[in-house]
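Asks: Below are the structure tokens for one structure; questions will follow.
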Amino acid sequence: MNSQCHSATTKPETAPGARATHPLDPLSIDELQQAAEIIRRGQGLADSCRFPYLQLEEPDKAEVLAFVPGQPFSRRAFATVLDKASGAMAEGIVDLNAGEVSAWRELDPAEAGQAPIMVEEFFTCVEIVQNDPAWREAVKKRGLTDADIENIQIDPWSFGYYGDDPKYQGKRLMRGVAFYRDKFTDNGYAHPIEGLVAIIDLNEGKVIELLDDGRNTPVPETKRNYDTPSLGESREGLKPLHIVQPEGVSFSVDGWKVSWQNWQFRVGFTPREGLVLNQLSYTDGDKTRPIIYRASVTDMAVPYSDTAINHYWKCAFDGGEYGLGRLANQLELGCDCLGAIRYFDIPAVDDKGEPFLMKNAVCMHEEDFGTLWKHYEFRTNVFEVRRSRRLVISFFCTVGNYDYGFYWYLYQDGTIQLETKLTGIIQTAGMVSGTTPAHGGKVTPEIYGPTHQHFFNARLHMMLDGENNSVMETNFSPSPAGEDNPWGNVFRTDARVLKTEQEAAREANGQSGRFWKIINPNVKNAVGNPTGYKLVAEHNPVMLAHADSYVGRRAGFASKHLWVTPYDPQQRYGSGNYPNQNKGDGFPYYAEKDRSIENTDIVVWHTYGHTHVCKPEDFPVMPVEYVGFTLKPNNFFDANPAMDVPGGKDSGSVNASGGDDACCSKP
Ligand code: NI
């Protein structure tokens, strides 16, 4: 750890091996061990079998809602098993209470899609490519030597799906693209080897095809390293900035349950989604009001808009093909998270099903967030201001070249926000100096970044004041001039309930101020309106690849900003269960039946993202780009729920001159 990183930490109260006390508690180290063992024994697994997934099989929602603390509850594990020797794939459920496999089914990867790429495959893929004679020959044609090859970086990429070519069918495939490094620690992305892609059969353990466009684009030579020694002298002038909470934190943690400022939720974590917020609720007076049953990001899609053989097939599903949770970082105190930090260590398994603890994978702390509310009444000299505090719960993962942070924020006024941070290194492409790339932005005179999009699929299983919810859409438009609008200043507000899945497949519209609101039509607030939360979408793009292109069909969730489905336990991921080498699953297929979504148990799916035209400022490491969405209470409360937040010294906020009460409140 960098010696300049300082922060306090609070100690976890629960050991990761401890017994679960709630049906949604992630599986402990002991339970993971037990589950893997039961499957190995029960199914007679060979040594060549791997566990791309092993996690809690979440109980039925009805069981969770009926749960009484202290009473027994079901405890099940879900596993996806892949036999590396035969390519066979299966899914199983383990009943941990009974100590047996309670369900087992074989899957045909050609139909179901391949299990996600495992960590060991990242490494075997590199070895396979580097030892392939034809690939070595192709690299040498580009002016590199045998000695150079040892330091070459291979980026292992998901294969994608480009038709039922028999030579690929049923095979577990990856693609390898290469980057030259003079030294092992160099930033390979500064030296892309263009026009050369190896296709690897992971089960066969060999390169089955080499794509070489023969252009021999020169390998860019200028080093662009970003490790501290390479960066040289740091800028000067930064004085220490300490964030201290001398009396400790304002949240409390009981196992996986968190309480803070009227909020309650349970921390969950899966290998695919990473952080999950379960049973998010807000205590309003003497009532604890449920808002969201389960919230997560189920997948991403990052399609590239380039025709070159190194890039046209690139579309990373970082959740379903790699695993946002599986690739979570161990966060550094004081560097990743500043302040009084509570970390959650996440029990997980490696590819072979051996449990281990992902240390410091989830970070939680409080942050000052400027002004919560304020007014100065000049006639009476009444002056009131409250500072806003937010609870941050987050994780960061590294998926190849990119790094993604997922930050949930809870605010004292009932606002919920998900902010996603995009950073890391762009995928680079070599070009002839002085030319202009057709499908990307120049980042150096010899490198361009192919233009691409990043899409995130958030899944919000709503439970606003109860299980039956609806979604309304509002649009604004000018009222026609006339008797009802003599001054031409009036505009219309048109709100309607989206009644079916097809009606709810919607795109945002900034011009009409379109927004969506999740409501409970059965519960009214003090002014007689159904209680609601507004989904505030940002200025997001939708997928620009054709809907009927291979990529368009695989990442159909990104063709709309909004999808709403009736809750179906089988529909859990925007891109389907196994997007790896899958021809298309998830949306729009989930919504095909056009089921009713009115006044029922609904899931709101929101696609948000960013279209990335690369530029010099993105290199060598990109400053964080922010995308996300907000859920704001809208007729949920009877008044501003944060009027009772204390001002002055009681707020816990101390100003620069030492916490003068008069700055926050004048009687
Ligand atoms: Ni990007």
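The values are calculated or read from the model by the stated rules, or taken from the named source; none is laboratory data. Note that the structure is a prediction, hence the values are computed from the model and not measured. Here the Cβ positions follow ideal geometry from the backbone for every residue, glycine too, while neighbour counts run over all protein chains shown. Heads up: the accessible areas ignore ligands, DNA and RNA and are worked out on the full protein's heavy atoms, side chains in. Shrake-Rupley method; radii C 1.70, N 1.55, O 1.52, S 1.80 Å.
Yes/no matrix, rows are residues, columns are (1) hydroxyl-bearing (Ser, Thr, Tyr); (2) under 30 Å from ASP351 (Cβ atoms); (3) open to solvent by 40 Å² or more (accessible area, probe 1.4 Å); (4) at pLDDT below 95:
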site: TRP256; (1), (2), (3), (4): no, yes, no, no
site: PRO271; (1), (2), (3), (4): no, yes, no, no
site: THR288; (1), (2), (3), (4): yes, no, yes, no
site: THR298; (1), (2), (3), (4): yes, yes, no, no
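Asks: Further question: Scanning for something at pLDDT 95 or above, within 16 Å of the ligand (Cβ to nearest atom) and open to solvent by 40 Å² or more (accessible area, probe 1.4 Å), does the range 439-454 turn up at least one residue?
Replies: yes
Asks: Here's something else I'd like to know. Here's a check for you: in the range 389-411, which residue that is touching a strand residue (DSSP E or B) at 6+ places or on another chain (Cβ under 6 Å) and polar (S, T, N, Q) is farthest from the ligand (Cβ to nearest atom)?
Replies: SER394
Asks: In this structure, is ALA138 open to solvent by less than 60 Å² (accessible area, probe 1.4 Å), assigned to a helix (DSSP H, G or I) and more than 17 Å from TYR578 (Cβ to Cβ)?
Replies: Numbers: open to solvent by less than 60 Å² (accessible area, probe 1.4 Å): yes; assigned to a helix (DSSP H, G or I): yes; more than 17 Å from TYR578 (Cβ to Cβ): yes.
Against the criterion (open to solvent by less than 60 Å² (accessible area, probe 1.4 Å), assigned to a helix (DSSP H, G or I) and more than 17 Å from TYR578 (Cβ to Cβ)), ALA138 qualifies.
Asks: Another question, if that's okay. Applying the selection to the range 219-240, what residues are open to solvent by 100 Å² or more (accessible area, probe 1.4 Å) and within 14 Å of GLY430 (Cα to Cα)? Walk me through it before giving the result.
Replies: First, pick out the residues of the range 219-240 that are open to solvent by 100 Å² or more (accessible area, probe 1.4 Å): 221, 226, 228-229, 231, 233, 235-236, 238-240.
Hit for the range 219-240 is GLU221, nothing else.
Asks: Name the residue, out of ASN457, ASN485, that is more than 16 Å from the ligand (Cβ to nearest atom), on the phi < 0 side of the Ramachandran plot and in contact with a helix residue (DSSP H, G or I) (Cβ under 7 Å, 6 or more places away or on another chain). So that I can check it myself, show each step before the final result.
Replies: On the way: ASN485 fails: in contact with a helix residue (DSSP H, G or I) (Cβ under 7 Å, 6 or more places away or on another chain).
Among ASN457, ASN485, only ASN457 is more than 16 Å from the ligand (Cβ to nearest atom), on the phi < 0 side of the Ramachandran plot and in contact with a helix residue (DSSP H, G or I) (Cβ under 7 Å, 6 or more places away or on another chain).
Asks: Further, regarding this structure: Could you look through the range 609-638, keep only residues that are acidic (Asp, Glu) and either free of Cβ contacts under 8 Å to residues at least 60 places away in the same chain or within 11 Å of the ligand (Cβ to nearest atom) (or both), and pick out the one that is least open to solvent (accessible area, probe 1.4 Å)?
Replies: Filtering the range 609-638 down to residues acidic (Asp, Glu) leaves 617-618, 625, 638.
With the extra rule that they be either free of Cβ contacts under 8 Å to residues at least 60 places away in the same chain or within 11 Å of the ligand (Cβ to nearest atom) (or both), the set shrinks to 617-618, 625.
Working: GLU617: 119, ASP618: 4, GLU625: 62 Å².
Here the residue is ASP618.
Asks: Any idea which of (1) outside any helix (DSSP H, G or I); (2) away from the ligand (no atom under 16 Å from the Cβ); (3) more than 17 Å from the chain's Cα centre (by Cα); (4) within 25 Å of LYS421 (Cα to Cα) is the one LEU544 doesn't satisfy?
Replies: Among (1) outside any helix (DSSP H, G or I); (2) away from the ligand (no atom under 16 Å from the Cβ); (3) more than 17 Å from the chain's Cα centre (by Cα); (4) within 25 Å of LYS421 (Cα to Cα), the lone unmet condition for LEU544 is (2).
Asks: A further question follows. Any idea which residue in the range 359-404 is farthest from GLY628 (Cα to Cα), counting only those that are among the polar types (S, T, N, Q) and in a strand (DSSP E or B)?
Replies: Taking the range 359-404 and keeping what is among the polar types (S, T, N, Q), we get 360, 371, 380-381, 388, 394, 398, 401.
From what's left, in a strand (DSSP E or B): 360, 371, 388, 394, 398.
Details: ASN360: 23, THR371: 21, SER388: 20, SER394: 13, THR398: 18 Å.
Only one residue tops the list, namely ASN360.
Condition check ((1) in a loop (DSSP other than H, G, I, E, B); (2) β-branched (Val, Ile, Thr); (3) modelled with pLDDT of 95 or more) across all residues:
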position	(1), (2), (3)
THR611	no, yes, yes
GLU617	no, no, yes
PRO620	yes, no, yes
PHE629	no, no, yes
LYS632	no, no, yes
ASN635	yes, no, yes
ASN640	yes, no, yes
ASN655	yes, no, no
